[in-house]
Amino acid sequence: MNHQDALHAAVLAPLERWLTAPRVPGIPAPSTTTKLPALSFEFFPPRTEALEAQFWACIRRLAPLGPRFVSVTYGAGGSTQNRTHALVTKLAAEMALPAAAHLTCVGATREEVDEVARQYWQAGVRHIVALRGDMPAGIAYAPHPGGYAYAADLVAGLRRIADFEISVAAYPETHPAAASPEADLDNLKRKLDAGATRAITQYFFDTETYLRFLDRALAAGITAPIVPGILPVTNFAQVARFSAACGASVPAWLGHMFEGLDDDPETRRMVATVVAAEQVRLLQANGIDEFHFYTLNRPDLVYAIAHILGVRAKPDAASPA
Ligand SMILES: Cc1cc2nc3c(=O)[nH]c(=O)nc-3n(C[C@H](O)[C@H](O)[C@H](O)COP(=O)(O)OP(=O)(O)OC[C@H]3O[C@@H](n4cnc5c(N)ncnc54)[C@H](O)[C@@H]3O)c2cc1C
């Protein structure tokens, strides 16, 4: 509340206050002719058997929503290479889901990365999310000797191997290591020019930031879709910590939403659903009809938000776990 609003609230009687407050148009309801959004879901490779069971339960719950693709991340420094590979190939082969494997440049030579990509192609995986990756926490990035230095180099390398569909990362608030926002956009354009066909954004909480980024990208000559990456937040403290490192700002209002709820997971989940639902509905009202969800291997929130966006489970798909 700013000073004027505070004065307004203090001086006026309730009805006057309500009648004189600014009028804000609500998020319009999607019309019946609104195109249903295309969704993709991102998962991470679980570390234990129990978490693996949770991973597959999550897949079974979300698969009936008919995602355009599901993707599995690659741990820092390639630490999850085998697990990522096993999960992505199983998703493609056994679940018949369009599966995408994240692949990074970190800690491997070009030949090693190329070999991983060839194995994916042989296993029937046709989609790679090509990333530079990060070094383990606290270590500044340095290209591996003989490795791909940046994601744009990796995209060009993958193109030489096979006709992969390639997605890359984009940063509405600029990658933290970029020389400038313009240099970061040039880098995004290089990745697309090298053969990627889609960018997926780092998560963000301010819709305006994303929409302005689309304008700047178009002005920089980018025409490929830049799909918003949506992170439904249930653990605010964790997200606040993580965001500082990855260049996503966390607005004060978001902190306020979760204030006092540290020991109340049930209310946190309800608040999280409302926050994410508002975000995607606002994006949808602005014409966006493709969304990438960071599921964190938890399905319920994402399922609810997809439902709010108008997506329904397909009756012939796998039944929820
Ligand atoms: C959708 C998504 C999925 C992700 N999945 C994973 C994952 O599975 N595993 C993982 O480890 N990380 C993942 N990340 C995180 C990502 O690896 C980091 O954000 C990383 O720091 C940058 O990766 P990038 O592909 O954007 O890098 P790049 O596009 O290579 O850019 C990295 C930085 O270098 C700059 N740059 C690019 N080229 C040059 C150049 N020639 N000279 C100087 N500077 C240059 C860019 O401006 C930018 O600042 C993901 C991020 C997103 C948004």
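Each reported figure results from applying straightforward, stated rules to the coordinates on display, with no laboratory input. Bear in mind that the values here come from a model prediction, so they are computed numbers and not experimental data. Ideal geometry is used to build each Cβ from the backbone, glycine not excepted, and the neighbour counts take in all protein chains shown.
Relative to the dominant Cα principal axis of the chain, helix 207-219 is inclined by about 50°.
A full extension of the chain between Lys35 and Tyr141 corresponds to an added length of 34.0 nm, given 0.36 nm per residue minus the alpha carbon distance.
One Cα centroid belongs to the range 30-50, the other to the range 144-162; the line between them spans 28 Å. Against the longest principal axis of the chain, how steep is helix 81-93, in degrees 0 to 90 to the nearest 10, with axes from Cα atoms? With rounding to tens, the tilt is 80 degrees. If the chain linking Arg118 and Thr48 were pulled fully straight, counting 0.36 nm for each residue of separation and taking away their Cα-Cα distance, it would gain 22.5 nm. Relative to the longest principal axis of the Cα atoms of the chain, the long axis of helix 181-193 lies at roughly 50 degrees.
R0 = 45 Å: FRET efficiency of Glu266 with Tyr150, Cβ-based, nearest 0.05? About 0.55, to the nearest 0.05. Semi-axes of the equivalent ellipsoid of the range 1-151 are 46, 24, 15 Å, computed as sqrt(5λ) over the eigenvalues of the C-alpha gyration tensor in descending order.
3J(HN,Hα) along the range 103-113: 9, 10, 8, 6, x, 8, 6, 4, 4, 5, 5 Hz, from the Karplus curve 6.51 cos²θ - 1.76 cosθ + 1.60 with θ = phi - 60°, whole Hz, x for Gly and Pro. Applying 1/(1 + (r/R0)^6) with R0 = 41 Å to the Cβ-Cβ distance of Asp193 and Ala244 gives a FRET efficiency near 0.85. Evaluating 6.51 cos²θ - 1.76 cosθ + 1.60 at θ = phi - 60° for every residue in the range 299-304, the Karplus couplings come out as x, 5, 4, 5, 4, 5 Hz, glycine and proline recorded as x. Panel order for Cys58, Cys246, by other beta carbons found within 10 Å of each beta carbon, from fewest to most: Cys246, Cys58. All C-alpha to C-alpha distances of the chain, sorted into 20 Å bins beginning at zero, yield P(r) values of 29, 58, 12, 1 percent in whole numbers. Amide hydrogen proximity for Ser79: with H placed 1.01 Å from N in the peptide plane, no residue at 5 or more positions away or on another chain lies under 5 Å.
Full extension of the chain segment joining Glu259 with Thr223 gains 9.0 nm, where the gain is 0.36 nm per residue of separation less the Cα-Cα distance.
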